[in-house]
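These notes concern the structure reproduced below.
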Amino acid sequence: MTLQGKGFFTFILPECEKGAPAAILAAAQAAGLSHVLVKIADGPRPFGVDSSGSDFTAPVVQALRAAGIAVWGWHYVYGNDPAGEAAVAIQRAQALGLDGYVVDAEQEYKLPGRDKAARKFMTAVRAGLDIPVALSSYRFPDYHPELPWAVFLEFCDYHMPQVYWEQAHNAGNQLRESKRQCDALPHAKPYLATGAAYGTPGWAATPADIADFLNTAKMLGIPAANFFSWDYCRAHLPAVWKAAADFAWPAPLQPVAPAPAPVTPVTPAPAPVTPTPAPVTPTPAPVTPVTPAPETPSVPQPDAFTVQFLAALNSLQSGGVAAFYRADAVHVRGGSVARGAASVQADYAAFFASLPAGTQFRLLHFESRGDARYLAWQAGTRSGQLSLIVQDDQIVMDYLFFE
């Protein structure tokens, strides 16, 4: 069935209506959503599975699909292990009984030689899945020629770019220019669009932005549009959620299909940093004809909170690091989940004790979007990744992974 109407991406599903399937369904129906996109994998690892192997995504998928709301899965890929990434994509999509699959390929796929990885990955995915496949990546391909657009699109059914108008309020103009550039690509596919429903320091999407984006999408004949992300928007931008919900875009219900056969529970590998569809900071685009300025580099400087947190890490004092966490913070490392600042302090104390004296953390990569911060670091001979969810200058959840 062709994707039509309005939808929302979820990122951290337990942060969406507390992860309750019935509440998620009620919110989706009240907003008139035709589809929801849930994160199912990150690299070669499953996403949406707890430390015991229980899949907390599955009940949400089943509730939505039983009510006729289409559910697509999205997957951030890196290109280091295309066979492993394809295998987890196929396994998760089949186990969940998804209606479609979205591959999110960004800066890692701009490295030299990634066209071969893209072809290997996409060939395997298409051989293993008989559902629609969409590409999610940068909104202006002209500024990212290194990405193997043609290879991905050759195997896709749809192109679903991330039209994030961050630091601007010209959503409609940026959507027009994105569609123009994407439609000119080799192997161009039907264009769907993902808009911004989040905020960053000093900027946030507005209800007027949402109306402009959706009105422009309908005027351009785009059959479906969605937003990133449910968890941030519902928690911090209720007026933006209401604007999307109030916009009339009727769409037929998804035919109700039987639930997939039971599968062996997935045992997740250590949870890595989860780079989500990364907003790229544009210079506000001028009025028609749109001539957007080249996008800025994808590795911004860390914000003040992150600078202070890194200083705490480099002190190698677990108490100083734990002070950044809320008293009931959730801490995920490897296959274990702990709650509370005391558990965080104990875990960091053990981690610091495993490092040579005087080890310093060096930041290799940093991204920030709304409450989420993503860090890649190196400490001596060890490297790792850390995802933080920060609210009111306190860490409420983290995912720590190191080699």
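The values are calculated or read from the model by the stated rules, or taken from the named source; none is laboratory data. It should be emphasised that the depicted structure is a prediction, and the values quoted were computed from it without experimental measurement. Cβ sites come from the backbone with ideal geometry, for glycine too, and all protein chains shown count toward neighbours.
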If a residue has to be β-branched (Val, Ile, Thr) and either within 19 Å of the chain's Cα centre (by Cα) or not assigned by TED's automatic domain parsing to the domain that holds residue 236 (or both) to count, how many in the range 167-209 make the cut? 2
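Condition check ((1) within 25 Å of residue 232 (Cβ to Cβ); (2) at pLDDT below 85; (3) of a type in the set (A, V, I, L, M, F, W, C)) across all residues:
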residue	(1), (2), (3)
262	no, yes, no
281	yes, yes, no
292	yes, yes, no
313	no, no, yes
317	no, no, no
322	no, no, yes
337	yes, yes, yes
344	yes, no, yes
Quick check, is residue 24 crowded, with 23+ Cβ neighbours inside 10 Å and part of a helix (DSSP H, G or I)? yes
Yes or no: residue 360 of a type in the set (S, T, N, Q) and touching a helix residue (DSSP H, G or I) at 6+ places or on another chain (Cβ under 7 Å)? yes
Check off (1) closer than 30 Å to residue 255 by Cβ; (2) in contact (Cβ under 8 Å) with a residue 24 or more places away in the chain for residue 107 and give me the number that stays unchecked. (1)
Answer yes or no as to whether residue 275 is at pLDDT below 90, in contact with a Phe, Trp or Tyr (Cβ under 6 Å, 6 or more places away or on another chain) and assigned to a loop (DSSP other than H, G, I, E, B). yes
Could you check the range 180-190 and list, in sequence order, the residues that are surrounded by fewer than 23 Cβ atoms within 10 Å (Cβ to Cβ) and not in a loop (DSSP other than H, G, I, E, B)? 180, 181, 183
Within the range 354-395, of all residues that are assigned to a loop (DSSP other than H, G, I, E, B) and among the hydroxyl-bearing types (Ser, Thr, Tyr), the one modelled with the lowest pLDDT is 381
Just to be sure before I move on: is residue 45 without any contact (Cβ under 8 Å) to a residue 60 or more places away in the chain and among the charged types (D, E, K, R) in the structure I sent? no
Using the structure shown, decide if residue 326 is basic (Lys, Arg), in contact with a strand residue (DSSP E or B) (Cβ under 6 Å, 6 or more places away or on another chain) and at pLDDT below 80. no
Identity of the residue in the range 121-145, assigned to a loop (DSSP other than H, G, I, E, B) and out of contact with any strand residue (DSSP E or B) (no Cβ under 8 Å at 6 or more places or on another chain), that ends up nearest to residue 214 (Cα to Cα): 140
For the range 345-364, pairs from a residue that is farther than 22 Å from residue 307 by Cβ to a residue that is of a type in the set (Gly, Ala, Ser), with Cβ under 6 Å and 6 or more apart or across chains, are 349/318; 356/380
Go through the residues of the range 116-136 one by one and say whether even a single one is assigned by TED's automatic domain parsing to the domain that holds residue 178, among the polar types (S, T, N, Q) and crowded, with 23+ Cβ neighbours inside 10 Å. yes
Please specify each residue of the range 51-68 satisfying the condition of being within 20 Å of the chain's Cα centre (by Cα), part of a loop (DSSP other than H, G, I, E, B) and hydrophobic (A, V, I, L, M, F, W, C). 56
Within the range 197-233, can you find the residues that are buried (at least 20 other Cβ atoms within 10 Å of the Cβ) and in a helix (DSSP H, G or I)? 209, 210, 212, 213, 214, 216, 217, 230, 231, 232, 233
Kindly check whether there is at least one residue in the range 146-154 that is in a loop (DSSP other than H, G, I, E, B), in the same structural domain as residue 212 (by TED's automatic domain parsing) and touching a strand residue (DSSP E or B) at 6+ places or on another chain (Cβ under 9 Å). yes
Out of all the residues in the range 109-120, is one or more within 18 Å of residue 137 (Cβ to Cβ), of a type in the set (Gly, Ala, Ser) and not in a helix (DSSP H, G or I)? yes
Out of all the residues in the range 52-61, which are surrounded by fewer than 17 Cβ atoms within 10 Å (Cβ to Cβ) and out of contact with any Ser or Thr (no Cβ under 8 Å at 6 or more places or on another chain)? 52, 54, 56, 59
